[in-house]
Amino acid sequence: MNDIKIRDAQEDDLPRILDIYNDVIVNTTAVYSEQPHTLQMRKDWYQDRVNNNFPVFVAIIDGDVAGFCSFGHFRAWPCYRYTAELSVYVEASYRGKGVSKIMLQSLIARAKQMNIHALLAGISADNEISINLHRSFGFEEVAHFKEVGYKFSRWLDLKFLELILSNTPKAI
């Protein structure tokens with residue numbers, strides 16, 4: 001396998017992003033949704049990120065989109081403007097190859113450039129791989145919500161992990 005390259009996603013990446021996301025919805029607890037998304041839903045999501053100057057990155061291996069990641073509003077109210085919630089998704093055949101690590105590094109670097117102060121990750125409590133990945137970057141568990149999701153005929157716990165970044169907020 002060649003090197004993993006990270007670049008800004010483009011609109012023509014959306015069908016592949018959709019395939020990855022829908023596989024995660026159907027086969028994992030990483031997304032608390034049960035119905036696959038449509039291409040229009042992914043286009044709307046992408047356009048919202050672009051319109052709000054949030055990053056959407058894709059990881060490329062041998063010319064293929066192996067994963068995607070982004071961050072966006074944690075909450076849309078003005079006083080949360082220095083806080084963002086991130087997401088990282090990797091296509092099943094590329095998992096365990098370091099793709100998530102490189103994408104998370106890219107998100108943290110962009111967050112620092114954008115003067116984000118707090119990065120949050122909402123992770124299903126059963127996803128120890130993702131929890132350990134985030135912890136390796138300094139994220140700390142700040143919340144554990146019990147039985148807030150129901151998928152695959154079972155209750156799911158949700159953990160929130162947070163990384164505080166040094167920055168100086170801009171004056172209002």
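The values are calculated or read from the model by the stated rules, or taken from the named source; none is laboratory data. Keep in mind that this is a model prediction, so the values were computed, not measured. Every residue, glycine as well, gets a Cβ built from its backbone with ideal geometry; the counts of neighbours run over all protein chains shown. Quick note on the areas: whole protein, heavy atoms, side chains included, nothing else; ligands and nucleic acids left out. Shrake-Rupley method; radii C 1.70, N 1.55, O 1.52, S 1.80 Å.
Residues that are in a loop (DSSP other than H, G, I, E, B) and open to solvent by less than 70 Å² (accessible area, probe 1.4 Å) were ranked within segment 125-145; the one that is farthest from Thr28 (Cα to Cα) is Gly138.
Of all residues in segment 100-124 being among the hydroxyl-bearing types (Ser, Thr, Tyr) and open to solvent by 10 Å² or more (accessible area, probe 1.4 Å), which is nearest to Arg7 (Cα to Cα)?
Ser106
Across segment 42-58, the qualifying residues are those that are outside any helix (DSSP H, G or I) and over 16 Å from Asp12 (Cβ atoms), and the one among them that is most open to solvent (accessible area, probe 1.4 Å) is Asn53. Within the option set Ser100, Ser166, Ser106, being over 16 Å from the mean Cα position of the chain (by Cα) and among the polar types (S, T, N, Q) holds for one residue only, Ser166. Among the residues of segment 146-163, those identified as open to solvent by 30 Å² or more (accessible area, probe 1.4 Å), over 13 Å from Leu86 (Cα atoms), assigned to a strand (DSSP E or B) and not basic (Lys, Arg) are Glu147, Val148, Tyr150, Trp155, Asp157, Leu158.
Condition (residue is of a type in the set (A, V, I, L, M) and exposed (fewer than 12 other Cβ atoms within 10 Å of the Cβ)) applied to segment 92-99: is it met by at least one residue? Yes, segment 92-99 has at least one match. Only residues that are of a type in the set (Val, Ile, Thr) and part of a loop (DSSP other than H, G, I, E, B) were counted across segment 91-124, and they come to 1.
Here Phe152, Phe139, Phe145, Phe160 are screened, and the one residue that is out of contact with any strand residue (DSSP E or B) (no Cβ under 9 Å at 6 or more places or on another chain) and not basic (Lys, Arg) is Phe152.
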